[in-house]
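The values are calculated or read from the model by the stated rules, or taken from the named source; none is laboratory data. Nothing here was measured: the structure is a model prediction, and the numbers come from that model. Heads up, the Cβs are rebuilt from the backbone with ideal geometry, glycines too, and the neighbour counts pull from every protein chain shown. When the accessible area is computed, the model is the full protein with side chains, heavy atoms only, and any ligands, DNA or RNA have been set aside. Shrake-Rupley method; radii C 1.70, N 1.55, O 1.52, S 1.80 Å.
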Amino acid sequence: WPQTMDLRNVSTVTEFILVGFEKSYPSTRTLLFTLFLALYGLAMAMNGLIIFITWTDPRLNSPMYFFLGHLSFLDVCFITTTIPQMLIHLVVKNHTVSFASCLIQMYLVFGVGVAECILLAFMAYDRYVAICQPLSYAQIMSRQVCVRLVGTSWFFGMINGILLDYMTFRGPFCRGNHVENFFCEAPIVIALSCGDPLFSLKVIFADAIVVLLSPMVLIVTSYARILTSILGRASSSGRGKTFSTCASHLTVVVFFYTSAMFSYMNPRSTHGPDKDKPFSLLYTIITPMCNPIIYSLRNKEMKGAMLRALGRGSLAQAESV
């Protein structure tokens, strides 16, 4: 009976307080609000434009643009789960979120984040088939295959979200309710639970090996084979273009994967508000903003589609100013 009472006493956490940037000076918070609002608006506008043109322009009907449209959709979902809430908390004093809100936010961050990891790997494989096996490309990357690959990304993302949410919230919480970040990030929330959180952290670590390292190996292998292939047959200008494309795509991958790895594959002792926040910002807002720039604005077909979507006249006038 005393043990039962003790469990009741320690499991009474019904809300969390997201510390975020509340310890910063008011002027710093105002600056951060302006900066993050601009970045969020820019990321939403660019990804929204890519979604629109890849789903409506009949000239962009190849698998690469099909994947790109879904990547932008994932980016929109991803930043919307964390950034609007952070913007609100930068201007209001009440930083509390309910237990259910924290659980849902973490599920969406896990689910969408893992889906994006897997989709980036499929996109790298698509480029490998297009460059290294061009004669078989249409057969290998048929519309049906592309739909299945995107569906696989979403399926594993959502299933993964359920598993990691369960591992995070399976026990009662008795070590306070202050989350030292701007959103409910799993390792920080787990540290607030009763008992030894080591098992949950080990499961998350093992899961991160599967969903982060496995796609990254596929990505690196795909681009290594692409580079090997073009070195032997392309002209110097063709080599330069392919090198540039591969380097820009790998830059996105390195940013996204290394920041996520720091958050979910690091020992518990290395976590802290000063260390977690910069990496959390990197994979929650900087990468979704960079994806459209690196994957799209360097592409002539995408530029042409954007010109058609936005209106050639107004854009030409803006560029001449």
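Could you rank the peptides 23-35, 168-180 by their average count of other C-beta atoms within 10 Å per residue, with the highest value first?
Peptide ranking by packing, descending: 168-180, 23-35.
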Check your understanding: So what's region 1-144 giving for Cα Rg divided by 2.2 N^0.38 Å, two decimals?
Key -> 1.49
**Study point:** Residue-normalised accessible area of region 26-178, given per residue in Å² at a 1.4 Å probe
**Key:** 46
Check your understanding: Carbon and sulfur atoms: what percent of the 1.4 Å accessible area of region 59-104 do they account for?
Key -> 68
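Using 0.36 nm times the number of residues separating F205 and V91, minus their current alpha carbon distance, what extension gain do you get?
37.6 nm
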Check your understanding: Stretched out fully, how many nm does the piece from V220 to A309 gain, at 0.36 nm a residue minus the Cα gap?
Key -> 28.7 nm
Review point. E22 to N61: FRET efficiency via 1/(1 + (r/R0)^6), r the Cβ-Cβ distance, R0 56 Å, to the nearest 0.05?
Key: 0.70
